[in-house]
Amino acid sequence: MNHSHFTIRVREYQVAERRNTRISERKIPKQARSSELVSAILQAATQVLEQEGATRFTTARVAERAGVSIGSLYQYFPNKAAILFRLQSEEWQRTGDLLGSILRNRDVPAGERLHQLTLAFLHSECEEAAMRTALNDAAPLYRDAPEVAAARAAGENVMSDFLSELLPNLEENQRLRAADLINSTLGNVGKHFSETPRTEAEIFDYAKDMAEMFCVWIREKGADLQ
């Protein structure tokens with residue numbers, strides 16, 4: 001087999017492996033000792049990912065950093081994609097909780113909530129830029145798995161619920177599309193913005209301008225936004 005054919009076969013195998021990758025955890029820890037083991041693995045995985053990046057991330061490195069055997073790691077995570085997906089899921093959960101705590105607070109005017117949202121989100125992006133970049137690089141390992149859509153749904157639902165409050169007459173498909181647009185804008189702008197070190201003043205001003213952009217767009221959809 002010549003080199004070009006070998007390279008093609010390797011790429012085909014890698015694509016097939018990604019499509020068939022199992023990312024669900026093998027078992028859920030029920031005892032304190034098991035939970036501590038999983039926590040140690042995830043903490044070690046975070047350190048390896050931040051320091052080594054996605055391309056050098058391996059289960060062997062994680063196990064070594066956690067001080068556990070590779071067999072113990074495989075009891076809970078079948079492969080590195082499963083570990084990376086767990087880290088990504090937890091990041092999505094934290095972001096969803098952050099968005100939810102801000103957007104559901106109806107004691108605060110909607111326009112101010114949007115400003116608080118963009119400010120908190122950009123702060124989070126800048127503080128965790130290295131980790132989020134590494135997770136984004138690792139995404140091809142698990143992005144086609146069915147578990148991904150379910151894990152991302154929480155954050156998207158929070159924005160959809162917020163738009164339901166502001167635009168109760170908007171059709172559901174339009175509201176979902178609008179929520180997806182805002183979430184995608186936040187994610188893409190946040191990624192680009194956090195690639196450069198930012199001062200507090202820069203973060204505040206950028207967040208204010210982006211929130212105003214969202215407010216103008218939502219008003220055009222018919223919301224009486226305060």
Ratio of Rg to Rh over region 39-120 (Cα coordinates, Kirkwood Rh, two decimals): 1.20
Ordering 118-124, 101-107 by per-residue average of other C-beta atoms within 10 angstrom, highest first, gives 118-124, 101-107
Can you give the direction-averaged projected area of the convex hull of the alpha-carbon atoms in region 180-223, in nm²? 3.2
If you consider only alpha-carbon coordinates, what radius of gyration and Dmax does region 138-226 have, in Å? 15.4, 43
Of the residues 131, 117, 169, the Cα lying farthest along the dipole of region 75-191 towards its positive end, which is defined by charges on the beta carbon of Lys, Arg, Asp and Glu, belongs to 131
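Here, each number is a calculation from the coordinates, and none is a lab measurement. Only a predicted model underlies this, so the values are computations on that prediction, with no experimental measurement involved. A quick note on method: Cβ atoms are made from the backbone with ideal geometry, for glycine too, and the neighbour counts reach across all protein chains shown.
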